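Reading through the structure tokens given below for one structure.
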Amino acid sequence: MLDLWFSEFHAPDAKLSILVKEQLYSEQTPFQKIDFFDSETFGKFFTLDGLIMITEKDEFIYHEMISNVPMAVNPDIKKVLIIGGGDGGTAREVCRFKTVEQVDMVEIDERVVRLCQKYFPQTACALDNDPRINLIFGDGLKFVQDAPEGAYDLILVDSTDPLGPGEGLFTTEFYRNCYRALNDKGILINQHESPYYKEYAYEMRRAHKKLASVFSIATVYQFYMPTYSSGHWLFGFASKGLDPVKDADFKRWSEFGLQNRYYNPGVHLGAFALPNYVQEELRNKVFRFVCKSGNTFIVLPLCDFIT
Ligand code: SAM
């Protein structure tokens, strides 16, 4: 019998492969291709357009880090907007904070939610039974554009990479609309790619330049995600004034009484202690725009032109 392997390329000559016990389901939606697999080491996992979204074994890392960091910086967060996050893991984690009153979740592809409710109850569980969650099917870009000013304490952009439907969620226009939809203590957390392999690092720098042009505080924080490219993954932290380290209130965070497997105050502080090469990447201009002047090609910093 032949072995069936799922492989995801992280660079043209480097990939992650997982031995598949069984392919559970496959569907092409109007937005993307969804596949569900089962494996020994990572349990069930699902992919969108061939890229791993979550696995049963390591999703807790991503979801604890997207939710606990902002909740420690502002434990008074009550109104949350999730963009994307169709597997439900981010909504599940946010709902562990009993003080959160409202969670609007805007997912472009209803099939992701419905299939995760069937194949991934571990993450989709809160979507079925927590009355604080308002599930909205539509484009997050448009939703934020129409959102009332200052409506949210926290926006979590739990999106796919900047390709296909997720592309608009990495634009300056989207970040400006998020800024407007947040109140004065508002925080934006976004899926911020990886600093390691070249193409991911390029997207990381682009997203950072744009966020830094809109928010007075914009940085990234890191975590270890075994099934994402290089394992070294980032979230962006942007706010109108709250500092992710100086304003972290671990005393109040500990009063939430959560039993976490990854996040704790030490991890929070360490996550913002960025390796030198990442700091350098973030300082670097994003050179990609090439224009021709007479017979000379000039490479210009992309951040001056990106929208
Ligand atoms: N944790 C995952 C990761 O980083 O790989 C992301 C999880 S979640 C499945 C990503 C979701 O974002 C997908 O379900 C996708 O349909 C949704 N999405 C992509 N673009 C969107 C948009 N413009 N508006 C709303 N949701 C979007």
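The values are calculated or read from the model by the stated rules, or taken from the named source; none is laboratory data. Note that the coordinates shown come from a computational prediction; the quantities given were computed from them, not determined experimentally. When we count neighbours, we look across all protein chains shown, and the Cβ atoms used for this are built from the backbone with ideal geometry, even at glycine. Protein only, heavy atoms only, side chains kept; ligands, DNA and RNA dropped before computing areas. Shrake-Rupley method; radii C 1.70, N 1.55, O 1.52, S 1.80 Å.
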Tail weight of P(r) past 37 Å, computed on alpha-carbon pairs of the chain, percent
13
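Round to the nearest 0.05 the FRET efficiency obtained for SER7 and GLU173 when R0 = 45 Å and r is the Cβ-Cβ distance.
The pair SER7/GLU173 has a calculated efficiency of 0.80.
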Taking the C-alpha atoms of region 130-189, how large are the radius of gyration and the largest Cα-Cα span, Dmax, in Å?
11.6, 33
Treating only Lys and Arg (+1) and Asp and Glu (-1) as charged, each at its beta carbon, one finds that the chain has a dipole about its Cα centre, in Debye to the nearest 20, of 800
Determine the per residue accessible area of region 21-172 with all protein chains present and a 1.4 angstrom probe, expressed in square angstrom.
36
Filter LYS33/LYS118; LYS98/LYS142; LYS78/LYS185; LYS57/LYS198; LYS15/LYS198; LYS79/LYS185 down to the pairs with a C-alpha to C-alpha distance above 21 Å, please.
LYS98/LYS142; LYS57/LYS198
Just how far, in whole angstrom, is region 1-52 from region 230-289 if you go by their alpha carbon centroids?
29
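What are the semi-axes of the equivalent ellipsoid for region 42-123, taken as the square roots of 5 times the Cα gyration tensor eigenvalues, largest first, in whole Å?
Computed over region 42-123, the values are 23, 14, 10 Å.
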Distant-in-sequence amide H partners of CYS95 (H built 1.01 Å from N, under 5 Å):
none
What ³J(HN,Hα) values, in whole Hz, does the Karplus curve 6.51 cos²θ - 1.76 cosθ + 1.60 give for region 231-245 when θ = phi - 60°, with x put for Gly and Pro?
x, 9, 10, 10, 10, x, 10, 9, 8, 8, x, 5, 9, x, 9
What is the extension gain from SER254 to LYS21, computed as 0.36 nm multiplied by their sequence separation minus the C-alpha to C-alpha distance, in nm to one decimal?
79.9 nm
So, with a 1.4 angstrom probe, what is the percent of accessible area on the chain that is carbon and sulfur?
52
For GLU193, distant residues with modelled amide H under 5 Å away:
LEU234
Sequence-distant residues sharing a close amide H with ILE187 (under 5 Å, placed H):
LEU154, ILE155
Kirkwood Rh, region 1-141, all Cα pairs: how many Å?
16.1
Run the helix sum for the chain: -39,500 (n - 2.57) per DSSP H stretch of 4+ residues, divided by residue count, reported at 222 nm to the nearest 500 deg cm²/dmol.
-9000 deg cm²/dmol
Mean separation of Cα contacts under 8 Å (at least 6 apart) over the residue count of the chain, i.e. the relative contact order in percent, is 15
